[in-house]
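Just below is one structure, and these are the notes that go with it.
The values are calculated or read from the model by the stated rules, or taken from the named source; none is laboratory data. What you see is a predicted model; the values in this text were computed from it and never measured. Positions of Cβ are backbone-derived with ideal geometry, glycine not excepted, and every protein chain shown enters the neighbour counts.
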Amino acid sequence: MKTSFYQYNFEALTNLLIENDLSPSGATLLYNWHYKQKKLKPCTHNVALATQNFIHEHFSFSMPEIVDVHESKDQTVKFLMQMEDGQKVETVLIPFQNKYTICISTQVGCAMKCSFCFTGTQGLKRHLKTEEIIGQFIIADRWLRKHRPEDQQLKNIVYMGQGEPLHNFDAVKTASEIFLDQHGTSIGVQKITVSTAGYLPGLIRWNEEMPGVNIALSLHSPFEEKRNKLIPINQRYPLSEILKCIDLIPLKRKQYIIYEYLLIKNYNDTDVDAHATGELLKGKQAIINLIPFNPFPGSEYERPELAQVEQFQKILESYQLPALIRGTKGDDILAACGQLNTKA
Ligand code: SAH
């Protein structure tokens with residue numbers, strides 16, 4: 001049976017070639033061909049005949065297929081991508097000054113069941129494979145170069161699409177190793193962010209195995225009780241434990257932990273919540289992203305008024321904490337945070 005070329009990090013590919021009595025230099029050539037030159041067809045250039053035969057016999061190069069594209073007024077693009085078995089996920093390109101950040105999905109659905117999240121209502125169908133994570137990047141990047149050639153390439157990756165990335169640890173780790181690899185896309189370690197609802201076993205492993213990659217924690221409340229209701233996994237892995245783990249991460253001078261704070265009207269958006277969040281995070285190397293709740297069909301919560309969001313921001317700033325109000329890019333096409341759902 002053929003395996004996907006895109007599931008091998010550089011070391012695994014090198015070892016595979018060696019095990020098959022082929023020159024390990026093939027790994028450099030193949031990474032260059034597929035990830036730097038961005039070719040989709042198998043490489044025949046400069047590659048020894050024995051290696052070419054091996055490639056044909058052992059590798060498949062299939063990619064997710066774009067089955068739908070929505071372009072927002074603000075230039076956000078949302079793709080519906082179909083995997084080989086017919087399962088679909090969404091991938092979003094978020095523009096910022098001619099550059100794009102890609103928001104990648106890591107699971108079909110999600111097991112976390114957060115009460116404010118559209119994806120959570122789907123339940124978990126399955127984990128995505130490494131090649132399906134890599135595939136979202138390759139396909140979105142191709143689309144961008146074809147449809148918006150004047151814009152710059154993607155250089156930022158956030159695992160903030162559908163799914164809990166740390167719950168699909170191995171595939172997300174291998175995909176990240178491939179993105180980071182010097183022989184290929186060579187994305188900077190500071191340009192990748194993994195966002196977690198607080199899945200502690202994954203977080204502990206991530207810090208050991210993937211140091212330097214940015215971490216974003218979906219905080220959403222400084223109070224355990226309130227957080228339990230928003231993020232049920234908090235009952236098993238409480239915020240206090242998560243923060244203990246995060247506080248042990250060695251950070252460079254200009255490196256920060258991102259705390260995402262979803263603001264829900266009359267639930268976690270009051271001055272009391274803001275002060276408690278300030279007390280909790282003060283003195284930490286933190287950036288806080290305030291995300292006003294994005295409604296979706298059937299959601300039980302409401303978005304706060306902008307004035308309240310700004311008030312929340314001011315209170316955090318009084319604790320010397322930088323707090324950014326995250327735009328709601330793509331909300332006209334249901335591509336904003338928490339609006340991704342592919343059940344239909
Ligand atoms: N599972 C990961 C990554 C996916 S969600 C995590 O929980 O961090 C990416 C961000 O969007 C998270 O901070 C999530 O809490 C937020 N989000 C989910 N639903 C939302 C909604 N309806 N409105 C605004 N943000 C939402």
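For the stretch 141-167, a residue qualifies if it is surrounded by 24 or more Cβ atoms within 10 Å (Cβ to Cβ) and not hydrophobic (A, V, I, L, M, F, W, C), and the qualifying residues are Y159, G161, Q162, G163, E164, P165.
Working only within the stretch 271-300, note down all residues that are of a type in the set (D, E, K, R) and part of a helix (DSSP H, G or I). Full working, then the answer.
Of the stretch 271-300, the ones of a type in the set (D, E, K, R) are 271, 273, 279, 282, 284, 300.
Within the stretch 271-300, D271, D273, E279 meet the criteria.
In summary, no helices (runs of 4 or more DSSP H) completely within the stretch 173-260 bear 2 or more residues that are more than 16 Å from the ligand (Cβ to nearest atom), under 21 Å from the mean Cα position of the chain (by Cα) and of a type in the set (V, I, T).
Do the conditions hold for S221, that is, is it crowded, with 22+ Cβ neighbours inside 10 Å, out of contact with any strand residue (DSSP E or B) (no Cβ under 6 Å at 6 or more places or on another chain) and among the hydroxyl-bearing types (S, T, Y)? Walk me through how you get there before you give the answer.
Values: crowded, with 22+ Cβ neighbours inside 10 Å: yes; out of contact with any strand residue (DSSP E or B) (no Cβ under 6 Å at 6 or more places or on another chain): yes; among the hydroxyl-bearing types (S, T, Y): yes.
Spelling it out, S221 is indeed crowded, with 22+ Cβ neighbours inside 10 Å, out of contact with any strand residue (DSSP E or B) (no Cβ under 6 Å at 6 or more places or on another chain) and among the hydroxyl-bearing types (S, T, Y).
Do we have I138 as of a type in the set (A, V, I, L, M, F, W, C) and surrounded by 24 or more Cβ atoms within 10 Å (Cβ to Cβ) here? Even if it seems obvious, please write down each step before you answer.
Numbers: of a type in the set (A, V, I, L, M, F, W, C): yes; surrounded by 24 or more Cβ atoms within 10 Å (Cβ to Cβ): no.
So I138 does not fit the description; no.
The set of residues in the stretch 111-161 being over 14 Å from Y35 (Cα atoms), of a type in the set (G, A, S) and either in contact (Cβ under 8 Å) with a residue 60 or more places away in the chain or out of contact with any helix residue (DSSP H, G or I) (no Cβ under 7 Å at 6 or more places or on another chain) (or both) consists of S115, G120, G123, G161. The one condition from (1) of a type outside the set (A, V, I, L, M); (2) under 20 Å from F179 (Cα atoms); (3) more than 29 Å from the chain's Cα centre (by Cα) that F59 does not meet is (3). Taken as a whole, the structure places E208 among residues that are of a type in the set (D, E, K, R), closer than 17 Å to S195 by Cα and modelled with pLDDT under 95.
Is one or more of the residues making up the stretch 87-98 over 30 Å from K229 (Cα atoms) and crowded, with 17+ Cβ neighbours inside 10 Å?
Taking the stretch 87-98 first, the residues over 30 Å from K229 (Cα atoms) are 93, 95-98.
Remaining after also requiring crowded, with 17+ Cβ neighbours inside 10 Å: 93, 95.
Checked the stretch 87-98: at least one residue is over 30 Å from K229 (Cα atoms) and crowded, with 17+ Cβ neighbours inside 10 Å.
In this structure, is K73 assigned by TED's automatic domain parsing to the domain that holds E302, charged (D, E, K, R), modelled with pLDDT under 95 and part of a loop (DSSP other than H, G, I, E, B)? Full working, then the answer.
On the way: assigned by TED's automatic domain parsing to the domain that holds E302: yes; charged (D, E, K, R): yes; modelled with pLDDT under 95: yes; part of a loop (DSSP other than H, G, I, E, B): yes.
So K73 passes the test.
Regarding the stretch 146-165, can at least one residue be identified that is acidic (D, E) and within 15 Å of the ligand (Cβ to nearest atom)?
yes
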